[in-house]
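> Okay, here's the structure, questions in a sec.
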Amino acid sequence: MKLIGAEEVNKALTWPALVEAMRAAHRLAEPAVKDMHLASGTGNLLVRSAWFPGRMLGVKAVTVFADNPRATPPRPAVQGSFILFDGESGAPVAVIDGAAITAWKTAADSALGADLLARQDARVLLMIGAGAMAEPLIRAHLSVRPYSTVLVWNRSREGAEALAGRLATLPAEVKVCSDLRAAMAQADVISSATMAQTPFIPGDALPEGCHLDLVGAYRPDMREADDTALQRSRLFVDCRDTTVAEIGELLIPIRNGLITAVDVAGDLFDLVAGRAGRGADTEITLYKNGGGAHLDLVTAQLIHDLLDGVPG
């Protein structure tokens, strides 16, 4: 059994390879997936498992402690491991750094969603939030559209400026914004990755034809976008089984009677198959990235295959 650390993961993967592996996986039979979530105070334990029939299976156990980056000394917010098992014998094949898999998986998930839903002429990307996921999300989005401008908005301007500094070598102009509504008005694609529990993205500020990528919420009590955003948008998720009924972004509006599960037009299996998608260039599309467990498995298997020299 191999132990694969974050450095090996980061050397092995590229955004185009991972996005395409995820696209290919959604042409297969749908996998069995199961999530478990425990919480205490600001700490969270997420256990996500998946099994593609006839292929490898795996389970990821990660903790999310949102206050860790503000500790002295700072600690990672996300920590854990992914265990990859052989699909024929059940033998463990590899243990892979869970935080690295989570970062790559999450960003590629959003990039694939944007590739399938954003307008082809999208050239301005707005990143809301400047935490650990912001940089990989921006880099992943740039792998599916040739953005000329990346706008960054964060509650702390200092955080936004630090992020912009790390992105100085991107093939796009990076600008820090202080006015969220003004930034939204300029954007073709909006990606948000925050720890918000109270909706703060104003739906009435979404421009016609934009694509809204919501990443941050992962618990039943978390939301980033307000009711108007959902009402104005055509709704999509990465995985119906683990996103619609488990994450507050959609769960709360469903419980409140604002929308129903039927209003979700499709997930990645529907989008890749062409059964659902953007209807018109003027339509607003909203994609909830819930981080389906099968995407962790796809990421883990790609890492394993690349390091083993298995042809794609």
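Since every read-out is calculated from the coordinates, none of them should be taken as a lab result. Computed from a prediction, not measured in an experiment: that's the story for all the values here. Here the Cβ positions follow ideal geometry from the backbone for every residue, glycine too, while neighbour counts run over all protein chains shown.
> Given 37 °C and 0.692 mPa s, how large is the Stokes-Einstein diffusion coefficient of the chain in µm²/s, with Rh as the Kirkwood radius over Cα pairs?
168 µm²/s
> Okay, moving on. If neighbour count is taken as other Cβ atoms inside 10 Å, put 110, 156 in order from fewest to most.
156, 110
> Also, I was wondering about something else. Highest mean first, what order results for 102-109, 175-182 on Cβ atoms within 10 Å?
102-109, 175-182
> Right, another one. Just grab the label-to-label distance for residue 179 and residue 39, each label 7 Å out from Cα along the Cβ direction, in nm (one decimal).
Taking the two extended label points, one gets 3.5 nm.
> If you don't mind, another one. Is the C-alpha gyration tensor of region 107-217 telling us rounded, prolate or oblate? Criteria: a/c under 1.5 is rounded; beyond that, a/b larger than b/c is prolate, otherwise oblate.
Because its axes are fairly even, with a/c under 1.5, region 107-217 counts as rounded.
> Let me ask another. With label points built 7 Å along Cα→Cβ from the Cα atoms of residue 186 and residue 86, find their separation and express it in nm.
Roughly 5.5 nm, to one decimal.
> Please name whichever of 118, 78, 31 sits farthest to the positive end of the charge dipole of the chain, dipole taken about the Cα centre and charges placed at Cβ: Lys and Arg +1, Asp and Glu -1.
78
> Write down the Å³ per residue value for the convex hull defined by the alpha carbon atoms of region 108-152.
For region 108-152, the hull spanned by Cα atoms encloses 62 Å³ per residue.
> Follow-up question, since we're still on this one. Considering only region 182-312, what is the antiparallel percent among its DSSP beta bridges, to the nearest 5?
0 percent
> Let me ask you something else. For region 1-71, take every pair of Cα atoms, bin their distances at 5 Å starting from 0, and report each bin as a whole percent.
Spelled out per bin, shortest first, that is 3, 11, 14, 17, 23, 18, 9, 4, 1.
> Restricting attention to the alpha-carbon atoms of region 106-292, what are Rg (one decimal) and Dmax (integer), both in Å?
15.0, 46
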